[in-house]
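Notes follow once the structure below has been shown.
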Amino acid sequence: MQVEKTALAGVLILTPARHGDARGFFSESWNAKTLADAGLDYHFVQDNHSLSEAPNTLRGLHFQTPPHAQAKLVRCGRGALFDVAVDIRHGSPSFGQWVGVDLSFKNGRQLLIPAGFLHGFITREPMTEIIYKCTDTYAPDCDAAVRWDDPAIGIDWGLQGQAPILSEKDANAPLLSEIAPHFSWEGAV
């Protein structure tokens, strides 16, 4: 498993090896022991799988508040997407900053997003499947979101003048400055 750091401490790109032959390939997308040996000790309890039929479908920016905050490991099962994490740990030197990574079936990359970060993505191809692991189960009372186009964050979604396809929840989400502080930075992740 190749582990790459991003511009945001704790947000990592994990690229599993693919072992292929004439039939296709085999890949180990998560191995707790291998990753624990690399200092990544996560206990995932829920797997999510979503399908977005059209390109430019934008989901996010989502997070769960404590006590049900979630770390996520995101990968693309089919198609392609641009995956984004935003630091919302108050006191962090990178508070409000974002990082985006192209994830696709072809490149096999995954994005590991710790708790304390917003998460969102936009699809680049039709029929894109997103598969992700979470360290806590879905808790509706802790479900929260921040506007995808918050100017204080300034994410470049690569829309090229097109409007994204949004849910009502995402279209009406508050700005980062309008949400309560749920996470505090406690030093390096």
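The values are calculated or read from the model by the stated rules, or taken from the named source; none is laboratory data. What you see is a predicted model; the values in this text were computed from it and never measured. Here Cβ is always computed from backbone atoms with ideal geometry, including for glycine, and neighbour counts include all displayed protein chains. Areas reflect the complete protein model, heavy atoms only, side chains present, ligands, DNA and RNA absent. Shrake-Rupley method; radii C 1.70, N 1.55, O 1.52, S 1.80 Å.
Just a few scattered comments:
- For the chain, a Gaussian network of Cα nodes joined below 10 Å ranks Glu28, Glu129, Glu53 by mean-square fluctuation, and the top entry is Glu28.
- Listed peptides 14-25, 66-77, 143-154, 167-178 by packing density, highest first (mean Cβ within 10 Å): 66-77, 143-154, 167-178, 14-25
- Working note: 222 nm ellipticity from helices only, DSSP H runs with n ≥ 4, each -39,500 (n - 2.57), summed and divided by the residues of the chain, gives -1000 deg cm²/dmol to the nearest 500.
- Percent carbon-and-sulfur accessible area, the chain, ignoring ligands, DNA and RNA, probe 1.4 Å: 51 percent
- Positive-end residue of Gln110, Ala22, Trp185, charge dipole of the chain with Cβ unit charges: Ala22
- Around the amide H of Thr128, modelled in the peptide plane, lie the amide H atoms of Ser52, all under 5 Å away and 5 or more residues distant in sequence or on another chain.
- Distance from the alpha carbon centroid of the stretch 58-135 to that of the stretch 1-46 works out to 15 angstrom.
- Set of lysines with alpha-carbon distance to Lys106 below 28 Å, sequence-local pairs under 8 removed: Lys5, Lys33, Lys72, Lys133
- The amide H of Thr135, built 1.01 Å from its N in the peptide plane, has Val45, Ala71 as neighbours under 5 Å, considering only residues 5 or more places off or on other chains.
- Percent of C-alpha pairs per 10 Å bin, the stretch 1-75, short to long: 13, 38, 38, 11, 1
- Per-residue HN-Hα couplings for the stretch 34-50 [Karplus 6.51, -1.76, 1.60; θ = phi - 60°; Hz; x = Gly/Pro]: 4, 6, 5, 4, 8, x, 10, 10, 10, 10, 7, 10, 8, 10, 10, 9, 10
- Spin-label model distance (nm) - Gln97 vs Asp47, 7 Å beyond Cα toward Cβ: 3.4 nm
- Solvent-accessible surface of the chain, averaged per residue with a 1.4 angstrom probe and all protein chains in place: 51 square angstrom.
- Karplus-derived 3J(HN,Hα), 6.51/-1.76/1.60, for each residue of the stretch 85-96, Hz, glycine and proline x: 10, 10, 6, 10, 8, 4, x, 6, x, 10, 3, x
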